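The values are calculated or read from the model by the stated rules, or taken from the named source; none is laboratory data. Quick caveat, the model's predicted, so the values are computed rather than measured. Cβ coordinates were reconstructed from backbone atoms using ideal geometry, including for glycine residues, and neighbour counts include every protein chain displayed. Note: accessible area is taken over every heavy atom of the protein model, side chains too, but ligands, DNA and RNA are not part of it. Shrake-Rupley method; radii C 1.70, N 1.55, O 1.52, S 1.80 Å.
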Amino acid sequence: MQVKTKAIVISTLKYQEKSLIVKCFTQSDGLKSYFVRNAFSASRTSQKIAYFQPLTILEIEAVHKNKGTLEHFKEIKIATPFQTIHSDVMKSTVALFLSEMLHHSIHEEEKNEGLFEFLETALDWLDTHEHTANFHLTLLLEATKYLGFYPDVSELDLPYFEMTEGVFSNFHALSSLSEAETELLRRLIALKFDNDHKSFHVSERQVLLKILIDYYSFHLDGFKKPKSVEVLKAVFS
């Protein structure tokens, strides 16, 4: 089936000397993997390697055979030309980290238009704003709404957050955050992308990052801690 859709680049894997396997989160069909022959070729007709940087938003035409095998692009172009994400060190590090998180979080080859539109809007915000220190934290938390495990905030004022059930509780279990950690999470839940970038200290962001990665681990089978998390910590330290 031939499709025309937007697609967010999630990961790339070099194949042999000149080719790539590109995993994309598509607006039309969810997660798809594509084989790009001669991606590193100097040929004018080859698809540019620059198209496949982490979280690039593409406009693609492709043939989807939907047989569990690699698909192929017919046409490809940049849908949203980012001005800063891939040139600013902090933003490019965030993009790399988030692409890894999404790689380990999105597994279904099925449409999730809400998640796609959220990510597209969030990335546009990241590209056009300067104060982005909390961006990755807010995005990871908000993404759980579309992945199916956003915290139950009906009893937000209770002192402990229990990770496996995703609820606030009066009782401290083995899988609960401490009162101090729960308060940090409560503050993050209240935060939006355009809130004051000084909402958290560096050390608090590090704690929240660990909480979110652990929370994803509790709720996603086979989830792996991103290798780029240490680079992210270094950049934001």
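One table, with the values for the structure above:
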quantity	calculated
Single match in Glu204, Glu165 (criterion: of a type outside the set (Lys, Arg), open to solvent by 50 Å² or more (accessible area, probe 1.4 Å) and without any contact (Cβ under 8 Å) to a residue 60 or more places away in the chain)	Glu165
Single residue of Ser217, Ser169 found to be under 15 Å from the mean Cα position of the chain (by Cα) and of a type in the set (Ser, Thr, Tyr)	Ser217
Looking only at the stretch 55-67, and only at residues there that are touching a residue at least 24 places away in the same chain (Cβ under 8 Å) and open to solvent by 40 Å² or more (accessible area, probe 1.4 Å), the one that is nearest to Lys233 (Cα to Cα)	Glu59
Residue within the stretch 119-129 that is free of Cβ contacts under 8 Å to residues at least 40 places away in the same chain, of a type outside the set (A, V, I, L, M, F, W, C) and surrounded by fewer than 17 Cβ atoms within 10 Å (Cβ to Cβ) present	yes
Residues that are touching a Leu at 6+ places or on another chain (Cβ under 7 Å), outside any loop (DSSP other than H, G, I, E, B) and in contact (Cβ under 8 Å) with a residue 60 or more places away in the chain, drawn from the stretch 68-93	Thr93
Contacts under 7 angstrom Cβ, first residue in the stretch 172-194 being free of Cβ contacts under 8 Å to residues at least 40 places away in the same chain, partner open to solvent by 50 Å² or more (accessible area, probe 1.4 Å) and of a type in the set (Gly, Ala, Ser), 6 or more apart	none
Count of residues meeting criterion [open to solvent by 30 Å² or more (accessible area, probe 1.4 Å) and either in a helix (DSSP H, G or I) or at pLDDT 95 or above (or both)] in the stretch 94-113	4
Some residue of the stretch 133-145 being in a loop (DSSP other than H, G, I, E, B), surrounded by 14 or more Cβ atoms within 10 Å (Cβ to Cβ) and more than 15 Å from the chain's Cα centre (by Cα)	yes
Qualifying positions in the stretch 18-33 - among the charged types (D, E, K, R), out of contact with any Phe, Trp or Tyr (no Cβ under 7 Å at 6 or more places or on another chain) and assigned to a loop (DSSP other than H, G, I, E, B)	Asp29
Selection status of Ser33, touching a residue at least 24 places away in the same chain (Cβ under 8 Å) and among the small types (Gly, Ala, Ser)	yes
Residue tally, condition in a helix (DSSP H, G or I), surrounded by 14 or more Cβ atoms within 10 Å (Cβ to Cβ) and free of Cβ contacts under 8 Å to residues at least 24 places away in the same chain, over the stretch 214-237	1
Selection count, the stretch 163-207, where residues are in a loop (DSSP other than H, G, I, E, B) and closer than 26 Å to Asp124 by Cα	12
Asn38, sole failed condition from (1) at pLDDT below 95; (2) assigned to a helix (DSSP H, G or I)	(2)
